[in-house]
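S.K.: Handing you this structure, nothing more for now.
Every number in this text was worked out from the coordinates using simple rules, so none of it is lab data. If you're wondering where the values come from, they're calculated on a predicted model, not measured in any experiment. Note that each Cβ is placed from the backbone with ideal geometry, even for glycine, and that neighbours are counted across all protein chains shown.
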Amino acid sequence: MLDQHQRIIVTGGAGFVGSHLTDKLLARGDEVICVDNYYTGSKRNILHHIGNPMYEMMRHDVTFPLYIEADNIFHLACPAAPIHYQHDPVQTLKTSVHGSINMLGLAKRLGIRILQASTSEVYGDPNVHPQEESYWGNVNPIGIRSCYDEGKRAAETLFFDYHRQHGLEIKVARIFNTFGPRMHVNDGRVVSNFIIQALRGEPITIFGEGLQTRSFCYVDDLVNGLIALMDSPADVTGPINLGNPHELTIRELAESIIDLTGSASKLTFKDLPQDDPMQRRPNIDKARELLNWQPTVAFEDGVRKTIDYFDTLLSGNQHPTKPNGQV
Ligand SMILES: NC(=O)c1ccc[n+]([C@@H]2O[C@H](COP(=O)([O-])OP(=O)(O)OC[C@H]3O[C@@H](n4cnc5c(N)ncnc54)[C@H](O)[C@@H]3O)[C@@H](O)[C@H]2O)c1
């Protein structure tokens, strides 16, 4: 029988989502080439694959062209947390725009499928709720989040122009807040922040009154959605929302984490940062219908696994987050 495995490029493969995606692709028998410059990713996330002949790591910055062979590309390279993407906003925008042009160019040369990890941030501070893919968004083009939001919007434009102009097979996933083990420590994202503060018994910092809502998807669910999208028929281009429609306020999140960690932490309140969206919840009808996908991991189960991860990490005094970190 012919070997049916595919060789898959995962850009950003040493990051939080990319490393979980890699685990799943290798587990189903595919070969994975991780393309990452370790800007926010870490070798620690993929250490368990070193020595696997089906796995290869390439230190490469996607803002430079890449010439290698593969069967498809998951394009995830881009810092995702505000403190990371605001650290060097010009590089963030370059990563989204030049990085996408380079990866699209590679896909075009090879005649292969490419998936873009886009984001719910393309909806900005939405005045439509929940957000459907047909909503064009409400994004500030000159604010401190714009390097990320507008970069991802421009990347989507590039994907669709390559599709229309060159017939490239594209897949665009709009990913909503995702959490799970291997999130960065101290990157300011709410789930990891709250868990760490709770585990340390420190006050839990809430911006505003904590009435803003978010919906959180466990990383295993997200990765299943990304793979289902990549494997979907050619006419399913997206954009397609991938997220968990279960919405809760930031205050409810904090209280649930205090409860699950058994922490004595109290809540403390600070001013809302600029352009912080008030509401975020995906409409995932399209993903349900076209990919037969929906999240299956209960929020509390995902939080428990994430708490276990940070508990181990903190008790081992391991701090894999840097901006620009190595192992
Ligand atoms: N985690 C979420 O909640 C979320 C939500 C929406 C969208 N996304 C998107 O999913 C993707 C992965 O996010 P994540 O949470 O895993 O973030 P992450 O920061 O953990 O991973 C990003 C990876 O990209 C790498 N990278 C950054 N710039 C690069 C460059 N120029 N060249 C090569 N590699 C580069 C980093 O080193 C890192 O390994 C990103 O594109 C992000 O925008 C994530």
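S.K.: Between 0 and 90 degrees, rounded to the nearest ten: what's the tilt of helix 299-315 against the longest Cα principal axis of the chain?
M.R.: Roughly 80 degrees, rounded to the nearest 10.
S.K.: Helix 89-110 versus the longest principal axis of the chain: what is the Cα-based angle in degrees, 0 to 90, to the nearest 10?
M.R.: Relative to the chain, helix 89-110 is tipped by roughly 30 degrees.
S.K.: Gain in length, Q91 to H166, computed as 0.36 nm per residue apart minus the alpha-carbon separation, to one decimal in nm?
M.R.: Between Q91 and H166, full extension yields an extra 24.3 nm.
S.K.: In terms of Cα to Cα distance under 30 Å, which lysines are near enough to K266, apart from those fewer than 8 places away along the same chain?
M.R.: Within the straight-line limit of under 30 Å, K266 reaches these lysines: K305, K322.
S.K.: Distance in nm between label sites at L47 and D71, each 7 Å beyond Cα in the beta-carbon direction?
M.R.: It works out to 3.1 nm between the two label points.
S.K.: Right, another one. Within the set of other residues whose C-beta is less than 14 Å from the C-beta of L21, count the net charge using Lys and Arg as +1 and Asp and Glu as -1.
M.R.: Values: positive: K24, R28, K171, R182; negative: D23, D30, E31, D36, D220, D221, D231.
Value of the local net charge: -3.
S.K.: Another question, if that's okay. Between D308 and H246, what is the label-point separation in nm under the 7 Å Cα-to-beta-carbon projection?
M.R.: Once both label points are built, they end up 1.7 nm from each other.
S.K.: Based on the mean of other Cβ atoms within 10 Å per residue, sort peptides 8-19, 71-82, 28-39, 56-67 so the most packed one is first.
M.R.: Values: 8-19: 27.7, 71-82: 24.2, 28-39: 20.8, 56-67: 15.8.
In decreasing order of mean packing, 8-19, 71-82, 28-39, 56-67 become 8-19, 71-82, 28-39, 56-67.
S.K.: Taking the Cα centre of segment 7-325 as the origin, how large is its charge dipole in debye, to the nearest 20, when only Lys and Arg (+1) and Asp and Glu (-1) carry charge on their Cβ atoms?
M.R.: Charge dipole, segment 7-325, about its Cα centre: 540 debye, nearest 20.
S.K.: Can you classify segment 75-127 as rounded, prolate or oblate using the Cα gyration tensor, where a ≥ b ≥ c are the square roots of its eigenvalues, rounded means a/c under 1.5, and otherwise it's prolate if a/b beats b/c and oblate if not? Walk me through the intermediate numbers first.
M.R.: Numbers: a/c = 2.86, a/b = 1.61, b/c = 1.78.
Oblate.
S.K.: Right, something else. Only bridges whose two residues both fall in the chain count here: according to DSSP, what percent of them are antiparallel, nearest 5?
M.R.: In the chain, approximately 10 percent of DSSP beta bridges are antiparallel ones.
S.K.: Taking the 0 to 90 degree range and rounding to the nearest ten, how far is the long axis of helix 250-261 tilted relative to the main principal axis of the chain, both from C-alpha atoms?
M.R.: Relative to the chain, helix 250-261 is tipped by roughly 80 degrees.
S.K.: Quick one: net charge of S263's neighbours, Cβ under 12 Å, K/R +1, D/E -1?
M.R.: -2
S.K.: Can I ask one more? Expressed as a whole number of Å, what is the distance separating the alpha-carbon centroids of segment 207-261 and segment 110-153?
M.R.: 15
S.K.: Something else now. So for segment 7-325, considering every pair of alpha-carbon atoms, how many percent are separated by more than 29 Å?
M.R.: Numbers: 16387 of 50721 pairs.
Counting pairs separated by more than 29 Å, the tail of P(r) holds 32 percent.
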